[in-house]
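Visitor: Below is the structure I would like to discuss, written out as structure tokens.
The values are calculated or read from the model by the stated rules, or taken from the named source; none is laboratory data. Quick caveat: nothing in here was measured; it's all calculated off a predicted structure. Cβ placement follows ideal geometry from the backbone for every residue including glycine, while neighbour counts extend to all protein chains displayed. These area figures cover heavy atoms from the full protein model, side chains too; ligands, DNA and RNA do not enter into them. Shrake-Rupley method; radii C 1.70, N 1.55, O 1.52, S 1.80 Å.
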Amino acid sequence: MKYSNKPGRRNFMKQLGSVSIGFSLFGSLSCLTENEKELAMVFEHTPKNERIDSWLQVLEDGSIEIYTGKMELGQGISIAIMQVAAEELNIPVSRIAIHLAETGITPDEGITAGSRSIETSAMSVRQAAACAREILMEIAGTSMKLPVNELVLEDGQIRGREEVKNFHELLQGNQIERAAYEPKEYYGKTQRNIVGKPVKRPDLEKMVRGETFYIHDMRFPEMVHARVVRPPVYGAVLQSIRQEELDLEPGFLKLVRSGSFLGIITEGEYQAVQLQQKMTDRCKWYVTKELPQYENLTNYIKSLPADTQTDVENGNLAEAQQNAQITHKAVYSKPWIMHGSNGPSCAIALFDKEKLHIWCHSQGVYPLRETIAKMLNIPVTDIHIKGVPGSGCYGHNPADDVAAEAAIMAMEFPGRHIRLQWMRQEEHAWEPYGTAMLMEHKATLDSTGKITSWNYELWSDTHSTRPANGDPANLLPGRYLDKGFEAPQGGGWRGGTIRNAEPLYSLDNFKLTSHSFSGPLRVSALRSLGAYANIYGIECFMNELAAKAKADPFEFRIRHLNDERAINCLKELQRMTTAVNPESGEGFGIGFARYKNSASYCAVAALVGFSENKPAIKHMWGVIEAGECINSDGLKNQTEGGMIQSASWTLMEQVTFDREHITSTDWYSYPMLRYPEIPKIEVTVIDRPDLPPSGAGESAQGPTAAAVTNALFKATGSRIRDLPLSK
Amino acid sequence: METIEIKVNGETHTITADPNTPLLYVLRNELELNGPKFGCGLQQCGACMVLIGSQAQPSCMLPVSAVSGKDIRTLEGLVSKNGDLHKVQQAFIDEQAAQCGYCMNGMIMQGVSISEQEPEADERRIRERLQINICRCGTHCRILKAIKKSIAP
């Protein structure tokens, strides 16, 4: 099976500067030859975010195609966006298609990150759709010579007294080129027939049938395969390669070398896998930098040079500390942990007629285009990148790296599609990890059990080295090319480090100091960034303080909150868990946070015991309040998944390395939670349709870590502060 | 290179391949099937599982020459001729038992294997059977539910 255009749906789009061509999810590249003129516009054009037709177009059969600049990562953003559009246009979800991020086709929405896709993309689509409805009603009124209030919008059609017209008929093949404005009404707020409901994801139907869905499933005529030959260590220079009899290797097509970047291209995939092995043995590397060895992570992190800054200072800490009845200190740490996508990263690239096409699962096709243009020193207008779903990424995994590597090789081997997929060992050992962090807390209490001061010092490497700033060094191959883009220094952007570093609790005297260090491992954005460790520390510390104050952990938190939504969330968790009665050897614990202190509220409880002398989570409960809920089942699914993933990080995950390189290279050397250890999970959604919706995909990470750790403390009576809990 | 006959989803295919080629590469690249996925290539994650007879087995290290003549089924082969889904596939949709869905192939293969080999399996046993299958998104509870409700005859 090869790819072909979906039949006859897009001819209408040739007009009005609104360009879309035969790039459906797996659009054919036959349009390279058939529609060169139109294709050229993919390179020059960027849809304007303010225009309605940039987000929404009416197809020939009256159905709707939505354009989002975001990527489907498994978080279920597609269905949520489809639901908000369906609601505003009163059309079934089944008559809505969604076009994921693609340069020149969809709006530029930067990176799919930070739990912001509902707040940004879905709300832009909602606004465009509500405007489109009002405009379509006006057009129908004029055409049917009726006042708008006598028209009925139903099932994606507008009915007058005598006639019924679908959206395509009303627009006579045109699109709505106007700028979006503030519509009179949002059906999503006033009617809510589709929004808020557990509408099923249409993409699951494709998945269970094994239909073409992932980047890994794309096949083009004459496509060839590639692999990259990795250095033994981050800091290495390729000295020599034994190239004898390469031509005799089965399927061998080309060796691509630039500086210390080495790639191989073969006809068949398994041939590339075998040759990658062989070439690894045939390369000689000069190691420029070894990895450090240390006994104790805390001491090691503190020994690193750091850029220190006071981020928050409220009240008078010194005075409060002096007058304190009780002072308590604790130091927590977390190691480097990995995204560990189940499917190794994959991309396809084609250089043809002086233009570069890339298919990949990047979280940001526009930023990636800019960075690849700089890396290859070609104009942005010569590159086209189409986002195609990959395996779940949970942040900045090697999706961009593999796209850049495929691009480098495509430039050296024009005319054929090159498919590059990383092997498991590469995915584990070369991805950018979530950094290790150190969290030092000191607080004081008065005699009534009120927190009177809190001093928080944290140490962290950066939480983003995304290729978002156009720096080719943020693409792994960028460091090894002839041009030698310098590997990025750590430190840098602090936003991720201090995410959720300020407790939501009302504290009169609070100080936050952050120390930004440059660590030895490649790091970047992992689900919730610094919030995971910050909330973990804060919420464990809250339990420790509650104990000092001889207070119940629920009550102690509520006592220090004046945010009603936060209190409701905790009270709901309390209600869900009132009947929980830990047996001997078991413990119960909670954790809570509002993600980024501005998005969703999430409270988690855990019941932890032991199994074969290791901590075992028996049961977890979660409450999520994300303002207006768009898809209740999606919200639950994300929260359950976040809880299990965080439980796995917290209990057992840690990237290890020796002097040479990462030693966590597969699922045995980097174990994660598996089925026999998965706890029961219950999640309650608090729906607040009166509020704006907020993203929720990262909200459970921090609260879960604290709930599990606090529960383990209750079970054992001794507190572990350095993650992972079972070492 | 050798000529090898393999029987996949009821059809016999003649392929020319290095006999050591893992079955997974043949299924994905020669037969253009999408069901079995490359996850680790080390038999540690289950993404590449296929049914050989009624046994779910990773295909990423299994030489294609070793399965010649055996009955191999993939995700695609579970769908009936009229397009109806297998009850285990349907249960995954009913329970919305996926996030990214990359691991789903292996989970469904295990589910079908359990339903054919030990449909009376309790949850503990199902969890044991799924030990090899990694899900990184944390969709385990839904997957367990889907398998539990669909394995009974």
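Visitor: In this structure, is A:Asp563 within 22 Å of A:Gly530 (Cβ to Cβ) and among the acidic types (Asp, Glu)?
Guide: Values: within 22 Å of A:Gly530 (Cβ to Cβ): yes; among the acidic types (Asp, Glu): yes.
So A:Asp563 passes the test.
Yes/no matrix, rows are residues, columns are (1) open to solvent by less than 10 Å² (accessible area, probe 1.4 Å); (2) at pLDDT below 95:
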{"site": "A:Tyr332", "(1), (2)": "yes, no"}
{"site": "A:Ala347", "(1), (2)": "yes, no"}
{"site": "A:Leu350", "(1), (2)": "yes, no"}
{"site": "A:Lys353", "(1), (2)": "no, yes"}
{"site": "A:His396", "(1), (2)": "yes, no"}
{"site": "A:Ala406", "(1), (2)": "yes, no"}
{"site": "A:Phe413", "(1), (2)": "no, no"}
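Each row is one residue, and each column tells you yes or no for (1) charged (D, E, K, R); (2) away from chain A (no Cβ under 11 Å); (3) open to solvent by 50 Å² or more (accessible area, probe 1.4 Å); (4) not in a helix (DSSP H, G or I).
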residue: B:Pro119; (1), (2), (3), (4): no, yes, no, yes
residue: B:Arg124; (1), (2), (3), (4): yes, no, yes, no
residue: B:Glu128; (1), (2), (3), (4): yes, no, yes, no
residue: B:Ile134; (1), (2), (3), (4): no, no, no, yes
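Visitor: I've got another one for you. Identify all residues within the range A:675-698 that are in a loop (DSSP other than H, G, I, E, B), aliphatic (A, V, I, L, M) and either at the interface with chain B (Cβ under 10 Å from one of its Cβ atoms) or open to solvent by 60 Å² or more (accessible area, probe 1.4 Å) (or both); write none if there are none. Steps first, answer last, please.
Guide: Step one: filter the range A:675-698 for residues in a loop (DSSP other than H, G, I, E, B), giving A:678-679, A:687-698.
Checking the rest, the ones that are also aliphatic (A, V, I, L, M) come to A:678, A:691, A:696.
Once the filter is applied, which keeps residues that are in a loop (DSSP other than H, G, I, E, B), aliphatic (A, V, I, L, M) and either at the interface with chain B (Cβ under 10 Å from one of its Cβ atoms) or open to solvent by 60 Å² or more (accessible area, probe 1.4 Å) (or both), the range A:675-698 yields only A:Ile678.
Visitor: Related question: Take the range A:196-212 and flag every residue that is more than 7 Å from chain B (Cβ to nearest Cβ) and either free of Cβ contacts under 8 Å to residues at least 60 places away in the same chain or not in a helix (DSSP H, G or I) (or both).
Guide: Answer for the range A:196-212, where residues must be more than 7 Å from chain B (Cβ to nearest Cβ) and either free of Cβ contacts under 8 Å to residues at least 60 places away in the same chain or not in a helix (DSSP H, G or I) (or both): A:Gly196, A:Lys197, A:Pro198, A:Val199, A:Pro202, A:Lys206.
Visitor: Looking only at the range A:632-668, count every residue that is of a type outside the set (Val, Ile, Thr) and facing chain B (nearest Cβ under 10 Å) and tell me the total. Reasoning before the result, please.
Guide: Here is the first cut: in the range A:632-668, the residues of a type outside the set (Val, Ile, Thr) are A:632-638, A:640-643, A:645-649, A:651-654, A:657-661, A:664, A:666-668.
Subset that is facing chain B (nearest Cβ under 10 Å): A:633-634, A:636-638, A:640-643, A:645-648, A:666-668.
Final tally of qualifying residues: 16.
Visitor: Let me ask you something else. What about B:Ile72, is it open to solvent by less than 20 Å² (accessible area, probe 1.4 Å), out of contact with any helix residue (DSSP H, G or I) (no Cβ under 7 Å at 6 or more places or on another chain) and assigned by TED's automatic domain parsing to the domain that holds B:Leu33? Break it down stepwise before answering.
Guide: Numbers: open to solvent by less than 20 Å² (accessible area, probe 1.4 Å): yes; out of contact with any helix residue (DSSP H, G or I) (no Cβ under 7 Å at 6 or more places or on another chain): yes; assigned by TED's automatic domain parsing to the domain that holds B:Leu33: yes.
So B:Ile72 fits the description; yes.
Visitor: Checking the conditions here, which among A:Glu628, A:Glu612 is more than 24 Å from the chain's Cα centre (by Cα) and among the acidic types (Asp, Glu)?
Guide: Working: A:Glu628 fails: more than 24 Å from the chain's Cα centre (by Cα).
Step by step, each of A:Glu628, A:Glu612 is checked, and only A:Glu612 is more than 24 Å from the chain's Cα centre (by Cα) and among the acidic types (Asp, Glu).
Visitor: Working only within the range A:266-287, note down all residues that are part of a strand (DSSP E or B) and open to solvent by 80 Å² or more (accessible area, probe 1.4 Å).
Guide: A:Lys284, A:Tyr286 - these are the residues of the range A:266-287 that are part of a strand (DSSP E or B) and open to solvent by 80 Å² or more (accessible area, probe 1.4 Å).
Visitor: Have a look at A:Asn149, A:Asn193 and point out the one that is farther than 17 Å from A:Ile66 by Cα, in a loop (DSSP other than H, G, I, E, B) and not basic (Lys, Arg).
Guide: Values: A:Asn149 fails: in a loop (DSSP other than H, G, I, E, B).
The conditions single out A:Asn193.
Visitor: Could you tell me whether any residue of the range A:442-456 is outside the structural domain of A:Cys540 (by TED's automatic domain parsing), among the charged types (D, E, K, R), over 22 Å from B:Asn29 (Cβ atoms) and modelled with pLDDT of 95 or more? Even if it seems obvious, please write down each step before you answer.
Guide: Within the range A:442-456, the first condition is being outside the structural domain of A:Cys540 (by TED's automatic domain parsing), and the residues that meet it are none.
No.
Visitor: Output the number of residues of the range A:375-393 satisfying the condition of being within 20 Å of A:Gly69 (Cβ to Cβ) and either within 14 Å of chain B (Cβ to nearest Cβ) or under 17 Å from the mean Cα position of the chain (by Cα) (or both). Please lay out each step first, then the result.
Guide: Going through the range A:375-393, the residues within 20 Å of A:Gly69 (Cβ to Cβ) turn out to be A:380-381, A:383-390, A:392-393.
This time we only want the ones that are either within 14 Å of chain B (Cβ to nearest Cβ) or under 17 Å from the mean Cα position of the chain (by Cα) (or both), so: A:387-390, A:392-393.
The qualifying residues number 6.
Visitor: Could you identify the single residue in B:His140, B:His86 that is farther than 30 Å from B:Pro19 by Cα and open to solvent by less than 10 Å² (accessible area, probe 1.4 Å)?
Guide: Working: B:His86 fails: open to solvent by less than 10 Å² (accessible area, probe 1.4 Å).
Answer to the check: B:His140.
Visitor: Do we find that B:Ala98 is under 22 Å from A:Gln701 (Cα atoms) and open to solvent by less than 10 Å² (accessible area, probe 1.4 Å) in this structure? Please lay out each step first, then the result.
Guide: Values: under 22 Å from A:Gln701 (Cα atoms): yes; open to solvent by less than 10 Å² (accessible area, probe 1.4 Å): yes.
Yes, satisfied.
Visitor: Taking the criterion of being in contact (Cβ under 8 Å) with a residue 40 or more places away in the chain, closer than 20 Å to B:Arg142 by Cα, open to solvent by less than 10 Å² (accessible area, probe 1.4 Å) and not in a helix (DSSP H, G or I), would at least one residue in the range A:662-669 satisfy it?
Guide: no
Table: residues versus (1) touching a residue at least 12 places away in the same chain (Cβ under 8 Å); (2) of a type in the set (Lys, Arg); (3) part of a strand (DSSP E or B).
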residue: A:Tyr294; (1), (2), (3): no, no, no
residue: A:Asp311; (1), (2), (3): yes, no, yes
residue: A:Ala318; (1), (2), (3): no, no, no
residue: A:Lys329; (1), (2), (3): yes, yes, yes
residue: A:Ser333; (1), (2), (3): yes, no, yes
residue: A:Phe351; (1), (2), (3): yes, no, yes
residue: A:Ile358; (1), (2), (3): yes, no, yes
residue: A:Leu368; (1), (2), (3): yes, no, no
residue: A:Ile378; (1), (2), (3): yes, no, no
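Visitor: Could you please find all residues in the range B:143-153 being crowded, with 24+ Cβ neighbours inside 10 Å and either of a type in the set (Ser, Thr, Tyr) or touching a Ser or Thr at 6+ places or on another chain (Cβ under 9 Å) (or both)?
Guide: Residues of the range B:143-153 that are crowded, with 24+ Cβ neighbours inside 10 Å, as a first pass: B:143, B:146-147.
Correct list: B:Ile147 only.
Visitor: Further, regarding this structure: Within the range A:598-652, which residues are surrounded by 24 or more Cβ atoms within 10 Å (Cβ to Cβ) and either of a type in the set (Asp, Glu) or in the same structural domain as A:Ser117 (by TED's automatic domain parsing) (or both)?
Guide: The answer is A:Glu625, A:Glu640.
Visitor: For the range A:80-94, which residues satisfy the criterion of being open to solvent by 10 Å² or more (accessible area, probe 1.4 Å) and within 25 Å of the chain's Cα centre (by Cα)?
Guide: Narrowing the range A:80-94 to residues open to solvent by 10 Å² or more (accessible area, probe 1.4 Å): A:82, A:90, A:92-94.
Once the filter is applied, which keeps residues that are open to solvent by 10 Å² or more (accessible area, probe 1.4 Å) and within 25 Å of the chain's Cα centre (by Cα), the range A:80-94 yields A:Met82, A:Val93.
Visitor: Moving on to the next point. Any chance you could count how many residues in the range B:20-37 are facing chain A (nearest Cβ under 7 Å) and within 12 Å of the chain's Cα centre (by Cα)?
Guide: 4
Visitor: Is it the case that some residue within the range A:533-543 is among the acidic types (Asp, Glu) and buried (at least 21 other Cβ atoms within 10 Å of the Cβ)? Even if it seems obvious, please write down each step before you answer.
Guide: Pass one, the range A:533-543, residues among the acidic types (Asp, Glu): A:539.
Narrowing further to those that are buried (at least 21 other Cβ atoms within 10 Å of the Cβ): A:539.
Scanning the range A:533-543, I find at least one residue that is among the acidic types (Asp, Glu) and buried (at least 21 other Cβ atoms within 10 Å of the Cβ), so the answer is yes.
Visitor: Take the conditions open to solvent by 10 Å² or more (accessible area, probe 1.4 Å), closer than 27 Å to B:Pro119 by Cα and at pLDDT 95 or above and apply them to B:Ile52. Does it pass?
Guide: Judged against the criteria, B:Ile52 is a match.
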